[in-house]
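A quick write-up on the structure given underneath.
No lab work stands behind these numbers, since they all come straight from the coordinates. Computed from a predicted structure; not experimentally measured. Here the Cβ positions follow ideal geometry from the backbone for every residue, glycine too, while neighbour counts run over all protein chains shown.
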Amino acid sequence: MNNLSKSLLGFVAVVGLLTTATACRSNGGNEMQPDEAKQNAVAFLRETMDHEPLAWPEVPEPVATRCADGGDGVRFQYLVTIDQKTDPKELATSFEEFWRAKGLDVQPSQEDFGKYGVAYSATARADGKPWGSFQFSERGISLYVDSQCAEGSPDDYED
Amino acid sequence: MAADPLAGDPGAITGLSSALADHQDDIRTGTHHVASALHDADGWEGASKDRFTTTVGTIAPAAQRIISRLDAAIEVLDTYAEAVRQIQDEAERIQAAQLTNAVDSITNAVSMGSAQSTAAGSDATEADDRRVDRLQTDAGDLAAAAKRLDAEWDALVERRAAADRAAAAGLTESEVLGVAVGYAGTLAAMSDADFLRAVAGMPPEVLAAQDQAVADRIAGMPPEVVQAWWDGLGGRGTAGEHSAAQDALITALPAVIGNLNGVPYWARDQANRLSAQRAYVQAAEALVAAQETYGKAVGRAAQAVAQRALIAAQERYNQLNNFVAGARTDLNLRYPLPRQMVAFRDGEPPLGAFSVGDLDSASSVTFLVPGMGSSLADTTQYMRTGSTVQQSQQQMSGDASAYVTWLGYEAPPDFVATGDTAVFHEDSARAGASTLAADLAGVRATRPDVQLNVVAHSYGSTTAAIALADDAALRIHSFVTLGSAGIPSFVPDAAATHAAHMYAAQADEKWGIAAFGRTFSDPHRADPTQGFGATELQTDGSKTVNVHDLAADPESRNVGYLDSGTKTLLGTAKATMP
């Protein structure tokens, strides 16, 4: 066995153990049921929408998706959008502070789209909680909430 | 070989004719049911209803053509049965007469011998001489009768041969087969233009029955020839409005039309959905069969074989099940977009591509090329990933690039999960690159002015770089790599990809998957974010993207390259904006 093969096998073994450990931690032997994951996500979404008095739509039906590329489990992604002129920078600051205050790790980004203006976005993560993320621009708002990983598969939600 | 006038069973021939008549009744009943289904679907609307209506519209004429051909076949068989019956009756009469003649001849010969002996005796009389004369006359008559009967038999043999020829000719006439005898053979000798005209003139059921060489020849036509041919059949057409000839081609040759560059994507979509649905149904049946075989397997060796077959059947089913689900899976878009099954190649493994957005009209088209471990079983997942970019674009401008989830190559297995080292080599990328280049060329052929982009992840960037470097005529607007597994050394820099703009993102990934892939690549592959000439898409170190995946696990604090809210998502959306 040459050095390359040894290195590769070693890498596979280490990463395999790490990913298995991550998966075990994710599932914890006590997997969340889909309804509970949805309830937690909807509660977080409503809480976030209540932070700013905007013309929010009704909570939509979520899209079922994988927990991670190639992984097991299902998560539910909620997207609410508003098409109206806003001050995206001000809104972004407001929601970032709101999520940080709730203990989430918030990472903001921005991108200048030229004639379409600047997009302000952020991801908000915390262990054992639903996710939040947004994209704000002068044209409108996109607010995402992703549920925790639940037992099942997105295939279970394909009609 | 001489025909046998007594061969065959006229009753059986009549029975075959009756069976064909029964088939006619079945076809009439089936056609009636299909027409009733259309009538009952009053509340159903949309493109799929249009497609169903169009298809149903072709069924009644096709059924009538088949019934007419069966009529012609029935008439031929009935005529043949009657002729065989008459010939057999006549043959039996002749054979009976020949037998009688033979017995009479023997009797005559015996009598002749006796009479001649008597006439030669010392006590012979004139009466004995007259008896010999009479018997000689009888012998002559019997010989003449035998000769006449032989001639009648020969004539009957000829009649039977003629009846056989008439039946064979009748059953192979165009009224029965719907195509001239030898027509398929003459296609090969035709020029491309004549060949395409002939093919377009065939009814669907005749077209579907043509030799594989016909399908292969169509598939090998240059896109510009195909485009001119297709347009000559009634214009570009739309899913709802197109010519009967175009519909016949979609229905009869879905595997060809679905992947034929130069054909509009609405037609490819309809053809591929037909092919994929058929493959899916077959895979579902094969899975059930494999499960049954496994359940009945006895002995360790038989169980091991059955288990491998079951695993393979399950994998194929999962791939096709997820691919066809791409037509209906939920997506988080701001404004809904149509979907098209852009390509489907049924093989081991099945490969394909699904678009969110109309490739016939979108102002921008982006191919999303996944990396190691991807297959058709991931279709809906990558469609959702692509739709996140599209939603971002819709928010900024109201428009979005059509995103094609391209699973058109056999990606190397995920080496972390399997230990398979194929991802470190170029074989899979080279094989996939030719198909990717062909599919991109298909868009370029039908949409010469469309903005064409490629977003490639991991090993997909290796594949895409080769495809783009090989064909400058693709005129790629933006080439985006995310967590690249490395660019081959014969593509030395961004300029060599011929893309007008090249962007590359490389996060500080946990476990350094992409970096590991590049480090151990053989031959060595370069990081496109390091002195390659690509514009770097910022990932802010590990702050916004920290894993190799495009979409990350929510239970961790992981962030994937195209998760909502990330810098790389915005950068990708901007790079592929219409």
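Using just the helices of chain B, give the 222 nm mean residue ellipticity in deg cm²/dmol: DSSP H runs with n ≥ 4 each add -39,500 (n - 2.57), and the total is spread over all residues, rounded to 500.
For chain B, the value works out to -19500 deg cm²/dmol.
Can you compute 3J(HN,Hα) from phi for each residue in the stretch B:14-27, using the Karplus curve 6.51 cos²θ - 1.76 cosθ + 1.60 with θ = phi - 60°, rounded to whole Hz and x for Gly and Pro?
5, x, 5, 4, 5, 4, 5, 5, 5, 4, 4, 5, 4, 5
Please give the net charge around A:Asp112, taking every other residue with its beta carbon less than 13 angstrom from that of A:Asp112, where Lys and Arg add +1 and Asp and Glu add -1.
Value of the local net charge: +2.
Between B:Arg197 and B:Ala244, what is the label-point separation in nm under the 7 Å Cα-to-beta-carbon projection?
Each label point is offset 7 Å from its Cα along the Cβ direction, giving 2.0 nm.
Below 8 Å, C-alpha to C-alpha, sequence gap of six or more: please give me the relative contact order for the stretch B:329-575 in percent.
16
Between B:Asp231 and B:Ser18, how high is the FRET efficiency from 1/(1 + (r/R0)^6) when r is the Cβ-Cβ distance and R₀ = 45 Å? Nearest 0.05.
0.45
Check which residues have an amide H placed less than 5 Å from B:Leu368's amide H, if you skip close sequence neighbours.
Placed amide hydrogens put B:Val404, B:Thr405, B:Trp406, B:Val455 under 5 Å from B:Leu368.
What does a probe at B:Ala188 reach in the stretch B:211-226, counting residues whose amide N is under 16 Å from the point 7 Å along Cα→Cβ?
B:211-218
Which of B:Phe415, B:Phe367 comes first, and how do the rest follow, when ranked by fewest Cβ neighbours within 10 Å?
Ordered from fewest to most neighbouring Cβ atoms within 10 Å, B:Phe415, B:Phe367 come out as B:Phe415, B:Phe367.
Run the numbers on the stretch A:32-157 and let me know its relative contact order in percent, using alpha-carbon pairs under 8 Å that are six or more apart.
Reported as a whole number, the value is 33 percent.
Can you tell me, using C-alpha contacts under 8 Å and at least 6 residues apart, the relative contact order of chain B as a whole percent?
Relative contact order of chain B: 9 percent.
Compute the acute angle (0 to 90°) between the alpha-carbon long axis of helix B:300-325 and the principal axis of greatest extent of the alpha-carbon atoms of chain B; round to the nearest 10°.
With rounding to tens, the tilt is 70 degrees.
Which whole-angstrom value gives the distance between the alpha carbon centres of the stretch B:339-372 and the stretch B:212-269?
Taking the Cα centre of the stretch B:212-269 as reference, the centre of the stretch B:339-372 is 17 Å away.
Within 10 Å of each Cβ in A:121-134, how many Cβ atoms from other chains are there, averaged over the peptide?
Mean number of neighbouring Cβ atoms from other chains: 5.
Counting partner chain Cβ atoms within 10 Å of every residue's Cβ in B:388-395, what's the average?
Mean shielding by partner chains, rounded to a whole number: 5.
Rounded to the nearest 0.05, what FRET efficiency do B:Gln136 and B:Asp9 give with R0 = 60 Å and r taken as the Cβ-Cβ distance? Could you check?
0.85
Provide the packing ranking of B:254-265, B:398-409, B:239-250, i.e. peptides ordered by the mean count of other C-beta atoms within 10 Å per residue, highest first.
B:398-409, B:254-265, B:239-250
Label-point separation (nm) for B:Arg300 and A:Gln110, each offset 7 Å from Cα along Cα-to-Cβ?
6.8
A:Asp50 to A:Asp127: FRET efficiency via 1/(1 + (r/R0)^6), r the Cβ-Cβ distance, R0 25 Å, to the nearest 0.05?
Taking R0 as 25 Å, the efficiency between A:Asp50 and A:Asp127 is 0.60.
Please compute, for peptide B:410-420, the average count of beta-carbon atoms on other protein chains lying within 10 Å of each residue's beta-carbon.
3
For B:Ala431, project a label point 7 Å along Cα to C-beta. Then give me every residue of the stretch B:438-476 with its amide nitrogen under 20 Å of that point.
B:438-440, B:457-468, B:470
Starting with the fewest neighbours, write out A:Asp112, B:Asp4, A:Asp146 ranked by other beta-carbon atoms found within 10 Å of each beta-carbon.
A:Asp112, B:Asp4, A:Asp146
Any chance you could check the Cα centroid distance between the stretch B:279-307 and the stretch B:1-28 for me, in angstrom?
Between the Cα centres of the stretch B:279-307 and the stretch B:1-28 lies a distance of 41 Å.
Counting other beta carbons within 10 Å of each Cβ, put B:Phe354, A:Phe98 in order, fewest first.
Result, fewest neighbours first: A:Phe98, B:Phe354.
For every other residue with a beta carbon closer than 15 angstrom to the beta carbon of B:Met112, add +1 if it is Lys or Arg and -1 if Asp or Glu, then tell me the sum.
Combined, the nearby Lys, Arg, Asp and Glu give -3.
Give me, ordered by chain and number, the residues 5 or more places off B:Ala504 or on other chains with an amide H under 5 Å from its own placed amide H.
Hits under the 5 Å cutoff: B:Thr481, B:Thr535, B:Glu536, B:Leu537.
Once both labels are modelled 7 Å past Cα along the beta-carbon direction, what's the A:Asp87-B:Ala208 spacing in nm?
Going from the A:Asp87 label point to the B:Ala208 one covers 6.6 nm.
Give, as ranges by residue number, the residues of the stretch B:242-256 whose backbone N falls under 19 Å from the point 7 Å along Cα→Cβ of B:Asp216.
Answer for this model: B:253-256.
Apply the Karplus curve 6.51 cos²θ - 1.76 cosθ + 1.60, θ = phi - 60°, to the phi angles in the stretch B:276-293 and return the couplings in whole Hz, x for Gly and Pro.
Result, rounded to whole Hz: 5, 5, 4, 5, 5, 4, 5, 5, 5, 5, 5, 5, 4, 5, 5, 5, 5, 4.
Which net charge results when you count Lys and Arg as +1 and Asp and Glu as -1 among the other residues whose beta-carbon is under 10 Å from that of B:Asp358?
-1
Output the 0 to 90 degree angle, nearest 10, between the alpha-carbon long axis of helix B:47-119 and the longest principal axis computed from the alpha carbons of chain B.
20
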